[in-house]
Amino acid sequence: MFAYILRRFLISIVILFFATILVFLLVTSAGDPLALLKSNPHTPHSTILAREKLLHLNDPLWQRYWDWFWGVLHGNLGQTIAGQPVAPQLWSHLLVTLRMVVVATIIAIFVAVGLGVWAAVRQNKLADHAITVTNFVLLATPVFVLGLVLKEFVAIPINQHVGTTIFYTDGQQSPTLSGPFLSRIPDYFGHTALPALTLVLVTYASWAIYQRSSMLETLDADHVRLARAKGLSRRRVLVRHVLRNALIPVTTVIALDFAAVLGGAILTEIVFGWQGLGQWYVTGVTTLDVNIMLAYLLVTATFVILFNLIADILYGVLDPRIRYA
Amino acid sequence: MPEPARENFVMEAPGEVATVEAGAHTLPTASPGVGLGGTDAYGLSGEARSQWRIVLGRFVHQRLAMIGLGTFVLLGVASVLVGHFWQFSYTDITNNLNDPPSWTNPFGTNAIGNDMFAQVMAGVEKDMEIALTVAAMATLIGVTIGAIAGYYRGWVDSLLMRFVDLVLVLPVLAVLILLSSKLAKQSNNWLGLAVIIGALSWTYVARLVRADFLSLREREFVEASRALGATNRRIIVKHMLPNAIGPIIVNATLTVGLSIIFESTLSFLGLGVQPPAVSLGLLVDQGQASATTEWWLFVFPVAFLIVLILSIFLIGDGLREAFDPKKSRVRA
């Protein structure tokens, strides 16, 4: 077991290394960071040359990669085009995004498992049909559409009806927010509720569909029939013999879906005006800020590889039938 | 749609867990052209029927899937007809600014006087164009890579699959935003858009086909055709692919739906389809500011976008059931 985890860990590091090369090639091919400057006929030639030198644009590609990679190894993510260090910006935006993603993922797991189990137990009954249709509609709704609909047709009418702002639709917190942590909680809640709800609704649907089919598969297994024949109660069979086994594949699916959740977070942040990682990245892309794009893709790739590793290990821990080859 | 059965493990009870994997099943018929006779729910006659007739028979019996197919065909035909015969073209600028829905403009008009009905239908047409191109491209690439990896195994397989792993490490949307930012500066960029979405959408089908091919290559009919002197190419194309066709078609359908989601997302961000061309994502973006005042600018594009994607997912789900009915058996 330990040798297996160690080997998976080492493979993950190799993948991460190749990912840095891929990321670097993608980002440097995105365009010329000085295109805007050059398009202005009044820019003095000396300025362009100075900027090129500052951003190392004339160095060979492998040299630029190596400089960046060496910096990353030493915790230095470089500077933005505006000349500020990237790392502090990255951490502050990451915290904002994680607040939404962690809350949404935890809620989505409970909703998905709950509804998936319910639909499977009531297979082909009204509850099953209602849940399945809802899941499909949510699956077919792009994140930004859901966010906009919740914002325009749920949050704003409710706020108008009540007369005060319960659901904030712009920003991750009020700009003037201060005071002790406890007194800030209502403000955090008002700002987080809708974006988190958006992310929950688009994320849980595919997991719930998966949980349902996994449950149906297990309900059909011989050991379940045996457990019922032994005289165990329906409830006990459902929880101990069915759900426990049905959760195994779902767990790994949830861990592997992390990249998709981060993708969804980009849109949620843009719709709700959060100054999070996704918003930061899109700004980086539009201004062709190489170090911002690199930092974002590096961090997300690291997270995805980490969750792949966790999925692999969890799969083995949860399912004792698995031998480590 | 990630795959749960991870290749890194050896299962002691492979049958039980492997069946959970979405769509990765071989067809009930081992060799193409031989009918199943009386083994499926709708064909008790015992007369020989082709694999396709059986699948079709199961598909048409599903109400939701047929509704999905009907909606999709209707939207496709209507978008082409409206483009040719409707009194307004989506580029026409009239003097009716921000008019609510009426008999002349059933979906109203926008701030510069475009007829919204023409705009929405043009958006549907553009979305379908892009999505079908993406699905064709992604399926072609994915099937080729998956088939080569699964058939030849060894270092070819390792190399290709490690490459797939590498592609999957980056969030698709983030890479799409990066690649499309360059395209967004050109008008009429839909083909380029389709190419980049397609270039990132083939990984799942590649894994699917590889997994199928790994088991198919050990089957007797493959051994038989090899003994008869068939070339590798002939074995792959004539004998193995027809047996893996179910999951491939189901996945291609889902890719159509997913690529509409990706395209509309990029268009919403201003990185996708560029004006004067329209797509539903672009219309949603243009309509969002007036969602509560000029509701018709927002509600119609949103409704058509969701209905279009939903219809495709329903078709895909119906096809999955039709190709693989054992997943939906009623429990005793």
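Brief remarks on what is shown
- Under the simplified labelling scheme, the A:Gln84-B:Val156 pair shows an inter-label distance of 5.2 nm, with each label point 7 Å from Cα along Cα→Cβ.
- Computed from backbone phi with θ = phi - 60° and the Karplus coefficients 6.51, -1.76 and 1.60, the 3J(HN,Hα) list for the stretch A:282-290 is 4, 4, x, 5, 5, 8, 6, 8, 4 Hz; x is used for glycine and proline.
- Förster radius 22 Å - calculated FRET efficiency between B:Ile67 and B:Glu129, Cβ distance, rounded to 0.05: 0.40
- Global geometry of the protein assembly as shown, whether rounded, prolate or oblate, following the gyration tensor of its Cα atoms and the 1.5 cut on a/c: rounded
- Cα long-axis angle, helix A:86-121 against chain A (0 to 90 degrees, to the nearest 10): 20 degrees
- Among the GluC sites (Glu not before Pro) in the stretch B:157-250, those located in a DSSP loop and surrounded by at most 12 other Cβ atoms within 10 Å of their own Cβ are B:Glu218.
- Straightening the chain between A:Ala221 and A:Thr287 buys 18.2 nm, computed as 0.36 nm per residue apart minus the Cα-Cα spacing.
- FRET efficiency for the pair A:Leu57 and A:Leu98, taken as 1/(1 + (r/R0)^6) with r the Cβ-Cβ distance and R0 = 45 Å, rounds to 0.85.
- Between 0 and 90°, nearest 10: helix A:2-28 axis offset from chain A longest Cα axis: 40 degrees
- Net charge in the neighbourhood of A:Gly263 (other residues with Cβ under 15 Å of its Cβ; Lys, Arg +1, Asp, Glu -1) is -3.
- For chain A, the spread of Cα positions along each principal axis, largest first, Å: 86, 62, 39
- Fewest-first ordering of B:His239, A:His191, A:His74 by other beta carbons within 10 Å of each residue's beta carbon gives A:His74, B:His239, A:His191.
- Residues in the stretch B:112-155 that a label on B:Leu191 would reach, taking backbone N under 19 Å of a point 7 Å out along Cα→Cβ: B:125-141
- Stokes-Einstein D for the stretch B:51-323, Kirkwood Rh over Cα pairs, 4 °C, 1.567 mPa s (µm²/s): 63 µm²/s
- Estimated dipole of the stretch B:51-323 in Debye, rounded to 20 [Cβ of Lys and Arg +1, of Asp and Glu -1, Cα centre]: 1220 debye
- Counting 0.36 nm for each residue step from A:Ser178 to A:Gln160 and taking away their Cα separation leaves a gain of 3.9 nm.
- Cα-centred dipole magnitude for the stretch A:87-323, charges only on beta-carbon of K, R (+1) and D, E (-1), debye, nearest 20: 1280 debye
- Principal-axis analysis of the Cα atoms of chain A puts helix A:181-219 at an angle of about 50° to the longest axis.
- About its Cα centre, the stretch A:30-92 has a charge dipole of approximately 100 debye under the convention of +1 per Lys or Arg Cβ and -1 per Asp or Glu Cβ, with nothing else charged.
No lab work stands behind these numbers, since they all come straight from the coordinates. A quick note: this is a predicted structure, and the numbers were derived from the prediction, not measured. Cβ atoms come from the backbone with ideal geometry, glycine included; neighbour counts cover every protein chain shown.
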